[in-house]
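Asker: Encoded as structure tokens, here's the structure I'll be asking about.
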Amino acid sequence: METVNIISIITIAFLGSFGHCIGMCGGIVLAYSTIKIEPKSSKVSQTVAHLLYSFGRVTTYSILGAVFGALGGVITFSNKANGIMLIVAGVAMVLAGLSLMGKIKFLTLVEHSFSSSPTYKNLFKKVLNSKSNFSFFILGMLNGLLPCGFVYFFAITAASTASPLYGALVMAIFGISTVPAMFGLGFLTSLSNATSFRNMMVSLSSFAVILYGSYTIYNGYDYIARSEKTLTECHTN
């Protein structure tokens with residue numbers, strides 16, 4: 001992975017976490033902070049609980065990243081195929097960015113989840129009412145499976161790496177970059193009510209997603225151009 005890609009992922013995820021993630025998952029954080037954490041608990045105990053929850057999310061994201069990276073690897077077997085994959089991923093990223101801005105309903109149309117199934121709901125409710133420390137980790141893992149446009153964007157990015165390892169790394173970086181916002185929300189409920197601040201962060205992250213998608217499309221065309229140049233040189237020789 002190139003340094004520019006890692007920086008882009010961190011920037012997009014960090015900005016988006018204060019807008020999109022708080023809006024999507026803030027209710028869960030506030031719910032478990034109220035139900036599972038005793039008001040008289042020490043700051044250390046509360047910190048451990050929030051970190052376990054975040055680590056659970058990162059674990060799920062990393063697993064998803066490895067899966068999508070492996071799927072991308074099946075598709076990309078040459079420079080030209082890799083270029084086409086990057087262009088498709090880049091276009092999807094641009095559409096995702098426009099969707100996050102509210103310009104189109106791309107993410108709404110592609111959302112699929114089993115979170116509405118009775119099994120998932122019952123398990124989620126059981127874990128939410130558990131007081132054990134490990135339940136915070138499981139809750140985070142379950143949270144990572146919820147439908148989320150931001151997760152879809154980074155899953156596309158993971159697939160474009162064509163590698164289970166790099167795919168997992170992309171999603172792990174994404175998850176870790178969202179920890180500060182979600183961790184802070186666990187202690188500062190005012191974050192969930194700062195609508196203007198969240199909207200600004202969503203706009204910034206959406207713009208960054210579109211820029212990164214455009215950059216990915218450029219890389220795709222570059223791969224194809226290099227592939228065709230190599231073929232031309234081979235034929236000439």
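Asker: If you scan segment 102-126, which residues turn out to be part of a helix (DSSP H, G or I) and modelled with pLDDT under 75?
Answerer: Narrowing segment 102-126 to residues part of a helix (DSSP H, G or I): 106-110, 118-126.
Listed by number, the residues that qualify are Phe106, Leu107, Thr108, Leu109, Val110.
Asker: Further, regarding this structure: Answer yes or no: is there a residue in segment 22-38 that is modelled with pLDDT of 75 or more, not β-branched (Val, Ile, Thr) and not in a helix (DSSP H, G or I).
Answerer: yes
Asker: A further question on this structure: Hey, could you check segment 144-173 for residues that are among the polar types (S, T, N, Q) and under 29 Å from Gly102 (Cβ atoms) and say which is surrounded by the fewest Cβ atoms within 10 Å (Cβ to Cβ)? Working first, answer last.
Answerer: Taking segment 144-173 and keeping what is among the polar types (S, T, N, Q), we get 157, 160-161, 163.
From the residues that got through so far, the ones that are under 29 Å from Gly102 (Cβ atoms) too are 157, 160-161.
Values: Thr157: 32, Ser160: 29, Thr161: 24.
Of everything passing the filter in segment 144-173, Thr161 is surrounded by the fewest Cβ atoms within 10 Å (Cβ to Cβ).
Asker: Filter segment 139-184 down to residues that are over 11 Å from the mean Cα position of the chain (by Cα), modelled with pLDDT of 85 or more and not in a helix (DSSP H, G or I), then give me how many there are.
Answerer: Residues that pass the stated criteria total 1.
Asker: Return the residue satisfying two criteria in turn: it lies in segment 211-232 and is aliphatic (A, V, I, L, M) and modelled with pLDDT of 70 or more, and of such residues it is nearest to Ile9 (Cα to Cα).
Answerer: Within segment 211-232, the subset aliphatic (A, V, I, L, M) is 211, 217, 224-225, 231.
Now narrow it down to the ones that are modelled with pLDDT of 70 or more: 211, 217, 224-225.
Details: Leu211: 12, Ile217: 16, Ile224: 24, Ala225: 26 Å.
For segment 211-232, the residue satisfying everything is Leu211.
Asker: Now, a different point. Show the residue pairs meeting these rules: Cβ distance below 9 Å; 6+ apart or different chains; first residue within segment 25-53 and free of Cβ contacts under 8 Å to residues at least 60 places away in the same chain and under 12 Å from Asn133 (Cα atoms); second residue open to solvent by 40 Å² or more (accessible area, probe 1.4 Å) and not in a helix (DSSP H, G or I).
Answerer: Ser45/Glu38
Asker: Moving on to the next point. Can you work out which of the residues in segment 117-141 that are touching a Phe, Trp or Tyr at 6+ places or on another chain (Cβ under 7 Å) and touching a residue at least 40 places away in the same chain (Cβ under 8 Å) is farthest from Ile176 (Cα to Cα)? Don't jump to the end; show me each part of the working.
Answerer: Here is the first cut: in segment 117-141, the ones touching a Phe, Trp or Tyr at 6+ places or on another chain (Cβ under 7 Å) are 120, 128, 136-137, 139-140.
Now narrow it down to the ones that are touching a residue at least 40 places away in the same chain (Cβ under 8 Å): 128, 136-137, 139-140.
Values: Leu128: 22, Phe136: 16, Phe137: 14, Leu139: 16, Gly140: 13 Å.
In this case the residue turns out to be Leu128.
The values are calculated or read from the model by the stated rules, or taken from the named source; none is laboratory data. Owing to the predicted nature of the structure, the values given are computational and were not obtained by experimental measurement. Quick reminder, even Gly has a Cβ in these numbers, built from the backbone with ideal geometry, and neighbours come from all protein chains shown. Ligands, DNA and RNA are stripped out before the accessible areas are found, and what is left, the full protein with its side chains, is counted by its heavy atoms. Shrake-Rupley method; radii C 1.70, N 1.55, O 1.52, S 1.80 Å.
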